[in-house]
1. Check whether at least one residue in segment 52-60 is of a type in the set (A, V, I, L, M, F, W, C) and more than 20 Å from GLU107 (Cβ to Cβ), and report yes or no.
2. Filter segment 9-55 down to residues that are outside any helix (DSSP H, G or I) and modelled with pLDDT of 90 or more and give me whichever is surrounded by the most Cβ atoms within 10 Å (Cβ to Cβ).
3. Only one of these conditions is not met by MET60: (1) within 25 Å of SER115 (Cβ to Cβ); (2) at pLDDT below 55. Which number is it?
4. Scan segment 93-127 for residues that are surrounded by 13 or more Cβ atoms within 10 Å (Cβ to Cβ), modelled with pLDDT of 95 or more and either among the hydroxyl-bearing types (Ser, Thr, Tyr) or at positive phi (or both) and report the count.
5. Cβ-Cβ distance below 6 Å, separation of 6 or more or different chains: which pairs start in segment 117-134 with a residue that is among the hydroxyl-bearing types (Ser, Thr, Tyr) and end on one that is assigned to a helix (DSSP H, G or I) and surrounded by 12 or more Cβ atoms within 10 Å (Cβ to Cβ)?
Amino acid sequence: MKKLVSILIILLAVTTVAAQSKGRTKFATDMYQAKHEMIIEELGLTPTQQKQFMPLYEQMEREIYQVNRNARALAAEVEKKKNPTDRDYEVAASALSNTRVQEGEIEAKYFEKFSKILTKKQLYQLKQAEAKFTREMLSKKRKK
């Protein structure tokens, strides 16, 4: 279950960053907007907190997206090779395995920054809101 949630969070981060790119899709834009609106609502952010917090949160999402993108690129390279070496597999597997560690490091770095903007309760609620958003998206996906 934790792995599924991690994968969904990665997909949400990918969707978020994709929504920021030039070729936005309606779905990606809607997901991006809905997630941020839920976070703002669940945390009860003031307008001042929103101005300070949301750009940092978006930056964190972009960094996490980049880590995952890089790992997927290495894996794709291995898939394209006709005869990948053990070293090729090792590098790609290591990159894929380390994504969660890197994500955790990124989140820890931003937690420090968030703690200067959010209350202790809001810091806690942030993780709850992210998990709630993921659950709701899973639920909607299952219903389709």
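1. no
2. Filtering segment 9-55 for residues that are outside any helix (DSSP H, G or I) and modelled with pLDDT of 90 or more, the one surrounded by the most Cβ atoms within 10 Å (Cβ to Cβ) comes out as LEU45.
3. MET60 satisfies all of (1) within 25 Å of SER115 (Cβ to Cβ); (2) at pLDDT below 55 except (2).
4. 1
5. Taking only residues 6 or more apart or on different chains, the pairs are THR134/VAL5; THR134/LEU8.
Condition check ((1) under 17 Å from the mean Cα position of the chain (by Cα); (2) small (Gly, Ala, Ser)) across all residues:
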position	(1), (2)
SER97	yes, yes
GLU105	yes, no
LYS109	yes, no
ILE117	no, no
LEU123	yes, no
GLU130	yes, no
LEU138	yes, no
LYS143	no, no
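The values are calculated or read from the model by the stated rules, or taken from the named source; none is laboratory data. Since the model is a prediction, treat every value here as computed from it, not as a measurement. Cβ atoms come from the backbone with ideal geometry, glycine included; neighbour counts cover every protein chain shown.
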